[in-house]
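Since every read-out is calculated from the coordinates, none of them should be taken as a lab result. In this text, all values refer to a predicted model and were calculated from it rather than measured experimentally. A quick note on method: Cβ atoms are made from the backbone with ideal geometry, for glycine too, and the neighbour counts reach across all protein chains shown.
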């Protein structure tokens with residue numbers, strides 16, 4: 001069967017793109033491996049109408065609503081290879097062979113490569129975060145640490161005093177210059193030098209190499225992000241973002257390869273459910289318009 005659109009990734013952006021196409025009565029194939037980026041978090045915030053809901057509830061309800069449309073097929077699988085062909089695109093899956101579509105939407109998200117610090121990975125999405133708008137309020141104006149992985153730590157450090165008492169841990173990778181230190185002083189941010197040894201405790205006790213321990217309510221840090229190799233297989237153009245590459249798209253979220261669209265974290269250097277849903281709308285509409293125009 002030749003689908004009108006194959007969407008790779010069934011999280012928030014992919015679901016949103018699929019909904020636009022389903023309502024246009026197009027034949028849509030959703031392929032999802034079940035690895036949402038925010039699967040480690042207990043609650044999701046900042047999305048109007050869903051604030052405080054569990055991420056898995058939002059995703060499951062979105063899928064339930066999407067699957068009410070008879071032109072949508074859901075495949076729980078991983079795509080391992082994509083290719084352009086005369087009539088559109090083919091995708092080869094891990095368990096269900098090769099499938100074909102006239103258009104392709106990449107909603108594959110990103111993979112977070114976390115700082116290699118003992119105790120951090122276990123607390124990712126629980127006490128260690130990347131988005132203040134998603135998790136800052138729940139720290140209840142408490143003690144917040146910013147773990148530097150690069151000079152981008154300044155971005156977090158200057159934002160987070162609105163959510164609590166903030167300490168920047170330079171971690172041996174970043175030293176504020178005179179102007180940056182003045183900015184931190186104006187925002188009331190304290191600075192602690194030295195490498196971070198581990199994070200432990202029920203909340204987030206941060207220990208430095210010299211033995212000092214800081215009892216924190218939460219920590220914010222920047223991961224490095226990787227996108228799916230599927231885009232590279234197709235030759236899609238990329239842009240260097242602050243934490244890693246992401247796909248370059250136009251206003252309708254078409255990539256540099258005609259007929260291939262992208263949405264969500266894979267094409268936007270920012271991560272939130274609300275933004276992913278909005279970008280999915282644009283990609284779904286963009287793919288539909290391209291089908292109309294041939």
### Query
Taking Cα pairs under 8 Å and at least six residues apart, what relative contact order does the range 48-206 come out at, in percent?
15 percent
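If neighbour count is taken as other Cβ atoms inside 10 Å, put 66, 275 in order from fewest to most. Before the final figure, lay out the partial values.
Values: 66 22, 275 18.
If I rank by nearby Cβ atoms, fewest first, I get 275, 66.
Based only on other Cβ atoms within 10 Å, what is the fewest-to-most ordering of 156, 95, 288? Can you show the working numbers first?
Details: 156 24, 95 9, 288 20.
Arranged by neighbour count, lowest to highest, 156, 95, 288 become 95, 288, 156.
Can you sort 238, 30, 222 so the residue with the fewest Cβ neighbours within 10 Å comes first? Let's see the in-between values first.
Numbers: 238 16, 30 27, 222 21.
Least to most surrounded, the residues fall as 238, 222, 30.
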### Query
At what distance in nm do the modelled label points of residue 269 and residue 53 sit from each other, each positioned 7 Å from its Cα along Cα→Cβ?
3.1 nm
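Report Rg(Cα)/(2.2 N^0.38 Å) for the range 115-221, keeping two decimals.
Working: Rg = 12.5 Å, N = 107, 2.2 N^0.38 = 13.0 Å.
Relative to the rule-of-thumb radius for its length, the range 115-221 sits at 0.96.
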### Message
Regarding the range 209-264, what's the average projected area of the Cα-atom convex hull, expressed in nm²?
### Response
6.4 nm²
### Query
What is the chain's relative contact order, in percent, from Cα pairs under 8 angstrom and six or more apart in sequence?
22 percent
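Kindly state, to the nearest 0.05, the FRET efficiency for residue 42 paired with residue 185, given R0 = 45 Å and r defined as their beta-carbon distance.
For residue 42 and residue 185, the calculated efficiency is 0.80.
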### Message
If you take every DSSP beta bridge fully contained in the chain, what fraction is antiparallel? Give it as a percent rounded to 5.
### Response
45 percent
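Using the Kirkwood radius built from alpha carbon pairs, what does the Stokes-Einstein equation give as D for the chain at 20 °C and 1.002 mPa s, in µm² per second? Mind dumping the intermediate values first?
Numbers: Rh = 20.3 Å.
After rounding, the answer is 106 µm²/s.
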### Message
Between helix 12-23 and the chain, what is the angle of the helix's C-alpha long axis to the longest principal axis, kept within 0 to 90° and rounded to the nearest 10?
### Response
30 degrees
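Scale the Cα Rg of the range 33-82 by the rule-of-thumb value 2.2 N^0.38 Å and send over the ratio, two decimals. The partial results should precede the final answer.
Working: Rg = 13.2 Å, N = 50, 2.2 N^0.38 = 9.7 Å.
Here the answer is 1.36, to two decimals.
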